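Comments concern the structure below.
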Amino acid sequence: MSGLPVFVSAGEALTDMLRDGADNWTSQVGGSTWNVARVMARLGVPSAFAGAVSDDVFGDALLRASAEAGLDSRFLQRLGHSPLLAIVYERNPPRYFFVGDDSADLYFDPDRLPAGWHGAASWVHFGGISLARPPLRDTLLALAVRLKEQGVAISYDPNYRALMDERYDPVLRQMTALADVIKVSDEDLCGLFRCQDPEPALAALRALNPGALYLYTLGAAGARLLHGGHTWSAPAPEVRVADTVGAGDASIAALLYSLMRQPEAGMDQHLRYAVAGGAAACLAPGAAPPTLEQLQQQLPAVSVYNHQAVQS
């Protein structure tokens, strides 16, 4: 492997420990930023996940899944620290906590990445719980600032989790101000802004960076794309849902894929890809990255509405 990836996602890769019944547990590889990298690779974009995992059986599983996805292995660091685990003890509604006080992810070192990688990358993605876990948080914030100064495009998905309390507010402000593309869901907004109505929260978030492109996902109701004074919306196509895990990660990845591969396309087409990507991810159980063929099969079923055009 000689060429460097054009897309890099930096953050956390972890293991979900899922409770099935009183004493039955299953494990599943995961992590928001890691999932985005896997989707991009599955869509055919030379990609990497930049992060650290444990040097044990949990890290082995993440290494295998990364290789199966086609991610550049030079960006995944193996360290002799404990694994990062998400203990999901109830599924509906989800109740969970994280185990990883001194885990490998916290020791990720950008200086160990391949020489010249930031010159090859056109986009770098940030988000997930990695930005809520010091000292990794500070490492990634500093990296995002450096990349922005070097002209690399930044995407950001906070992907709200319970540990993102008021201590996360400065991170939200800084990353939103840095990012070119920001993905957020209605549930994210209510959690991040500690409110019941996501619409004022969305307006407050956009005020932090009015020039950014915002992908606002609404679950089964579809998504909106917002840029400047323009809004495009698209209902979700009807699909036979096997699992919604990873749908949000697939939607931001599909949007970035569209922006990278067809930059001349209109915002309606970019949103169509984002919604189709999220729908395609629901076709298989677990955070299964959709193929480009699966994504494209969903495109004809996605209708996009330009709200500016309707108002005029």
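Which of the trypsin sites (Lys or Arg not before Pro) found in the stretch 233-297 are loop residues per DSSP with 15 or fewer other Cβ atoms within 10 Å of their Cβ? Passing sites in the stretch 233-297 are Arg240.
If packing is taken as the average number of other Cβ atoms within 10 Å across a peptide's residues, how do 222-232, 92-102, 291-301, 178-188 rank, most packed first?
The peptides rank, most packed first, as 178-188, 222-232, 291-301, 92-102.
Between the listed residues Ala274, Pro289, Trp34, the Cα displaced farthest toward the positive end of the dipole of the chain, a dipole computed from Cβ unit charges relative to the Cα centre, is found at Ala274. The residues neighbouring Gly70, those whose beta-carbon lies less than 9 Å from its own, together hold a net charge of 0 under the Lys/Arg +1, Asp/Glu -1 convention. Note on the stretch 129-210: Rg/Rh from C-alpha atoms, Kirkwood Rh, equals 0.96.
Calculated from the alpha-carbon coordinates, the stretch 168-312 shows an Rg and a Dmax of 14.8, 43 Å respectively. Scoring 8-14, 196-202 by mean Cβ neighbours within 10 Å over their residues and listing the highest first yields 8-14, 196-202. Taking every Cα-Cα distance in the chain and sorting them into 20 Å bins from zero, the calculated P(r) comes out as 35, 60, 5, 0 percent.
Relative contact order, whole percent, for the stretch 180-312 stands at 23, derived from Cα pairs under 8 Å and 6 or more residues apart.
A short reminder: the numbers here are calculations on the coordinates, not readings from a lab. Just so you know, these numbers come straight off a predicted model, no measurement behind them. All Cβ positions, glycine included, derive from the backbone under ideal geometry; neighbour counts span all protein chains shown.
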